[in-house]
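One structure below.
Bear in mind these aren't lab numbers, they're just calculated from the coordinates by the rules spelled out. Quick caveat, the model's predicted, so the values are computed rather than measured. So basically every Cβ, Gly included, is an ideal-geometry build from the backbone, and we count neighbours across all protein chains shown.
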Amino acid sequence: MKLFLFSIILIFSLNIEAQEISEINKVLEIPDTLEFEKEIRIYKDYSITNRMEIFRMYDEGKDNWIVYIFSFSKANKTVTKIDQIKFPKENIGELKPKDANLIWLNLLITNAEFLPNMESVQYKLSTPFIDSEKEEQVINQKKVLVTDGAGYQVYIKNGKIRNNFSFFNPETYLKYYPTVDELIAYNELLSVIKKEFNLWNN
């Protein structure tokens, strides 16, 4: 019963999040649909604060990549900070340019185009065991539930391929379920962002 109740709560919260994202996009003045042939958006929601961060990376065309990182106040429904990153083609002093297309390929290697919602792999996030209940042996599930931390909603478009999926607390769950492919992929996706943009490292 506890597992079923948790599933209902999870589904409801993800639906609310999708509605909130549309409202956030209005404040950010960006469309709900991905408008570029190569684009990714990651909405990071800190569950214990009123803060969100939105990562947006896209190619305007002809390998002209731009990244925006928005800080958003859920309480005031306002943008509190905007960082913009462009990718120069030539060295600036001793600073060598980043290869934005290589970063994009590293994001695709994580299978972000095809990853499912974490909700759909809940069956992998438990350990079955035989339990004796009322003198009868039954199969039960030992499950770790992380109630705080951060949730992520990802939208990606690569040509004709579009995908969106959500996951939460992937680092923590991976410690308990290190062989789950989807958890590994979620963490690899975040690792690219952390490494290339020094974002979400704490």
Can you compute the radius of gyration and Dmax for segment 59-176, using only the Cα atoms, both in Å? 21.3, 75
Output the relative contact order of the chain, whole-number percent, from Cα pairs under 8 angstrom with separation of 6+ residues. 19
Would you report the distance distribution of C-alpha pairs in the chain as whole percents per 5 angstrom bin, up to the bin with the largest distance? 1, 6, 14, 17, 18, 15, 11, 7, 4, 3, 2, 1, 0, 0, 0, 0
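Please work out how much length the chain gains when fully extended from Tyr46 to Tyr68, using 0.36 nm per residue of separation minus the C-alpha to C-alpha distance, in nm with one decimal.
Numbers: separation 22, 0.36 × 22 = 7.92 nm, distance 1.86 nm.
Length gained, Tyr46 through Tyr68: 6.1 nm.
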For the chain, with the dipole built from +1 on Lys and Arg beta-carbon atoms and -1 on Asp and Glu ones, taken about the Cα centre, which of Val146, Leu183, Thr78 lies farthest toward the positive end? Thr78
Could you tell me which chymotrypsin sites (Phe, Trp or Tyr not before Pro) in segment 71-157 are loop residues by DSSP with no more than 14 other beta carbons within 10 angstrom of their beta carbon? Phe114
Go through Lys157/Lys195; Lys96/Lys157; Lys77/Lys195; Lys74/Lys194; Lys86/Lys194; Lys26/Lys86 and tell me which ones have a Cα-Cα distance over 20 Å in this structure. Lys157/Lys195; Lys96/Lys157; Lys77/Lys195; Lys74/Lys194; Lys26/Lys86
